[in-house]
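Below: one structure, written as structure tokens.
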Amino acid sequence: MPENGKQRSIDARLDNWASASRGSYDPIDAQCVEHAWQRLAVRQRELLRMAYLWRAGREVICRRLGIPRHPWHGDELELSSAKRALASLLAEKS
């Protein structure tokens with residue numbers, strides 16, 4: 001992939017990481033994301049795994065992690081928090 005990992009959004013990098021077992025992907029960036037992902041808190045790791053690797057829906061994620069389904073933005077806040085934590089770990093490394 002021609003894009004540099006530093007220029008890509010965290011969503012694009014997570015999609016690339018999730019594509020590692022599915023088809024074409026950037027293996028170097030996927031490995032960087034994997035190492036940073038392993039350093040996250042357990043809840044954040046599970047949330048990103050369910051959202052990106054499993055492609056699970058909001059209901060499944062909320063039920064498995066015990067996130068209240070209402071108000072609806074609770075899971076979005078948790079997901080964005082996990083993405084920010086991952087982005088900060090990735091920024092540390094570069």
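Give me the residue from segment 22-42 that is aliphatic (A, V, I, L, M) and within 13 Å of residue 89 (Cα to Cα) and, out of that set, surrounded by the fewest Cβ atoms within 10 Å (Cβ to Cβ). So that I can check it myself, show each step before the final result.
Of segment 22-42, the ones aliphatic (A, V, I, L, M) are 28, 30, 33, 36, 40-42.
In the following step, the residues that additionally are within 13 Å of residue 89 (Cα to Cα) were identified as 33, 36, 40-41.
Details: 33: 25, 36: 20, 40: 17, 41: 11.
Restricting to residues being aliphatic (A, V, I, L, M) and within 13 Å of residue 89 (Cα to Cα), the top hit is 41.
Each residue in segment 22-42 was checked for being touching a residue at least 24 places away in the same chain (Cβ under 8 Å) and in a helix (DSSP H, G or I), and 6 pass. Tell me, yes or no, whether segment 63-77 has at least one residue that is touching a helix residue (DSSP H, G or I) at 6+ places or on another chain (Cβ under 9 Å), within 27 Å of residue 29 (Cα to Cα) and either touching a residue at least 24 places away in the same chain (Cβ under 8 Å) or of a type in the set (A, V, I, L, M) (or both). No, because not a single residue in segment 63-77 is touching a helix residue (DSSP H, G or I) at 6+ places or on another chain (Cβ under 9 Å), within 27 Å of residue 29 (Cα to Cα) and either touching a residue at least 24 places away in the same chain (Cβ under 8 Å) or of a type in the set (A, V, I, L, M) (or both). Quick check, is residue 45 open to solvent by less than 50 Å² (accessible area, probe 1.4 Å), part of a helix (DSSP H, G or I), within 23 Å of residue 94 (Cα to Cα) and basic (Lys, Arg)? So residue 45 does not fit the description; no. Scanning segment 80-94 for residues that are open to solvent by 50 Å² or more (accessible area, probe 1.4 Å) and either part of a helix (DSSP H, G or I) or more than 26 Å from residue 16 (Cβ to Cβ) (or both) yields 84, 88, 91, 92, 93. Every residue in segment 55-79 that is surrounded by 13 or more Cβ atoms within 10 Å (Cβ to Cβ), under 20 Å from residue 14 (Cα atoms) and either within 13 Å of the chain's Cα centre (by Cα) or β-branched (Val, Ile, Thr) (or both), please. 56, 60, 61, 78, 79 - these are the residues of segment 55-79 that are surrounded by 13 or more Cβ atoms within 10 Å (Cβ to Cβ), under 20 Å from residue 14 (Cα atoms) and either within 13 Å of the chain's Cα centre (by Cα) or β-branched (Val, Ile, Thr) (or both). When restricted to residues that are free of Cβ contacts under 8 Å to residues at least 12 places away in the same chain, more than 19 Å from residue 56 (Cβ to Cβ) and surrounded by 14 or more Cβ atoms within 10 Å (Cβ to Cβ), segment 3-21 contains 1.
The values are calculated or read from the model by the stated rules, or taken from the named source; none is laboratory data. Keep in mind the model is a prediction, meaning the values are calculated, not measured. In this analysis, Cβ positions are derived from the backbone assuming ideal geometry, glycine residues included, and neighbour counts consider all displayed protein chains. Keep in mind that these areas ignore ligands, DNA and RNA; they rest on the heavy atoms of the full protein, side chains included. Shrake-Rupley method; radii C 1.70, N 1.55, O 1.52, S 1.80 Å.
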